[in-house]
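Read the structure below first, then the notes.
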Amino acid sequence: MSFAVIGVAVTVLPGGLGPAVVGTVNGHRCSLPEGSLNVTDLPAGRSVMACEAVGRVVSFGGAGLTVPEPGMGVSVDGLAVSGGPEHFQLEVSADGFITYPGQYETRKAVESATSLKSSDPNACADAAYSIYDYVERDAYVWHIGDGGMPGALSRSAAQIAFLDAINNITDSYNDCGLTDDVSVSQRYSGTTSYEGDYARGSLTCTERDKVSTWDAGDLNSNVLAGACVWYAIVDGVPADVIEADVRYNTADFDFTNNPRRETCKNKYDMRAVGTHEAGHIFGLAHVSDGHSDLTMYTNSFICNAKARTLGKGDVLGLRRKY
């Protein structure tokens with residue numbers, strides 16, 4: 001779609017906020033401050049073309065997203081241990097207008113959990129789930145990124161652990177006797193020199209590089225891992241995932257590939273965390289407090305492999321989508 005740019009000017013915002021670009025596209029006029037943006041700077045309904053916002057970062061509650069081109073959406077989920085950002089999502093329609101689907105979610109601060117809550121339903125009795133309006137229509141093709149791996153594993157050992165985590169989702173792996181009625185698949189495509197598309201030290205999705213990557217690095221200090229998912233908006237049907245990156249926060253947390261060892265202390269199971277993040281790639285959202293036995297619960301647990309195995313709600317969510 002073409003856009004007619006009628007005029008562009010530079011003005012100075014009141015209060016010493018600095019210069020802003022004022023643009024007009026197809027009758028829509030907009031100005032944005034320089035530097036970082038939040039959702040009040042670029043509210044829903046604004047034209048990203050008039051605002052010259054494509055490529056700018058919009059933040060909410062510690063999470064950030066880089067505004068994509070028209071016809072695209074992007075979502076970020078953080079697996080936090082003590083509150084902080086959980087989910088932030090934005091979409092740009094084919095004609096260039098921005099929306100923020102659903103609620104912005106920021107958890108209240110809670111103490112880091114070390115065990116499942118005995119008062120919550122058992123995984124096979126808990127039918128709760130939450131889903132996003134995007135799907136992985138084709139096989140999810142992914143790579144191992146550059147740099148170190150969680151648990152100090154080699155890239156080949158990490159590949160096996162990541163593959164197992166993703167297969168837990170694609171195969172509906174559970175101990176509840178539920179059959180795999182979900183038609184989704186994945187394919188590992190080797191190592192890459194690319195890294196996940198995250199701003200350093202932040203749960204912020206940068207512009208996508210067209211390579212779906214699993215790696216390790218630095219995120220917000222209370223976020224174990226994050227998933228950035230980019231998708232194409234398709235009229236009348238769920239959006240189509242075109243890239244998804246997962247990053248483990250090895251700057252602030254330790255991970256293990258064998259959490260059942262007696263020597264495990266203050267470490268998180270990389271396969272349980274990976275299964276949770278793979279759930280986001282295939283469109284599962286977080287479930288809230290009261291559902292701590294499910295894989296898609298908002299928290300992870302120290303030295304606990306439970307989330308490797310899907311609960312009833314996790315499987316029902318996948319069935320609902322696929």
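The values are calculated or read from the model by the stated rules, or taken from the named source; none is laboratory data. Only a predicted model underlies this, so the values are computations on that prediction, with no experimental measurement involved. Virtual Cβ from ideal backbone geometry, glycine too; neighbours counted across all protein chains shown.
Tabulated data
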| read-out | value |
| --- | --- |
| Those residues of the range 152-179 which are more than 19 Å from ASP254 (Cβ to Cβ), free of Cβ contacts under 8 Å to residues at least 60 places away in the same chain and hydrophobic (A, V, I, L, M, F, W, C), in sequence order | ILE160, LEU163 |
| Filtered residue count, the range 59-73, keeping only those that are under 16 Å from ASN220 (Cβ atoms) and of a type in the set (S, T, N, Q) | 1 |
| Residue in the range 120-127 that is modelled with pLDDT under 95, more than 17 Å from the chain's Cα centre (by Cα) and surrounded by 15 or more Cβ atoms within 10 Å (Cβ to Cβ) present | yes |
| Cβ-Cβ under 9 Å pairs, at least 6 apart or on other chains, the range 256-268 side touching a residue at least 40 places away in the same chain (Cβ under 8 Å), far side part of a strand (DSSP E or B) and among the basic types (Lys, Arg) | THR256/LYS267; PRO259/LYS267 |
| Out of GLY73, GLY62, sole residue that is at pLDDT below 95 and surrounded by 17 or more Cβ atoms within 10 Å (Cβ to Cβ) | GLY62 |
| Condition met for ALA53 (at negative phi, out of contact with any Phe, Trp or Tyr (no Cβ under 9 Å at 6 or more places or on another chain), buried (at least 20 other Cβ atoms within 10 Å of the Cβ) and at pLDDT 95 or above) | yes |
| Any hit, the range 224-238, residues being among the β-branched types (Val, Ile, Thr) and at pLDDT 95 or above | yes |
| Total residues in the range 207-264, condition of a type in the set (Asp, Glu) and crowded, with 24+ Cβ neighbours inside 10 Å | 2 |
| Flag for ASP245 being over 19 Å from the mean Cα position of the chain (by Cα), at pLDDT 95 or above, of a type in the set (Asp, Glu) and over 16 Å from ASP164 (Cβ atoms) | no |
| Residues of the range 205-249 classified as among the β-branched types (Val, Ile, Thr), part of a loop (DSSP other than H, G, I, E, B) and touching an Asp or Glu at 6+ places or on another chain (Cβ under 8 Å), total | 4 |
| Flag if GLY147 is within 20 Å of GLY226 (Cβ to Cβ), among the small types (Gly, Ala, Ser) and in contact with a strand residue (DSSP E or B) (Cβ under 9 Å, 6 or more places away or on another chain) | yes |
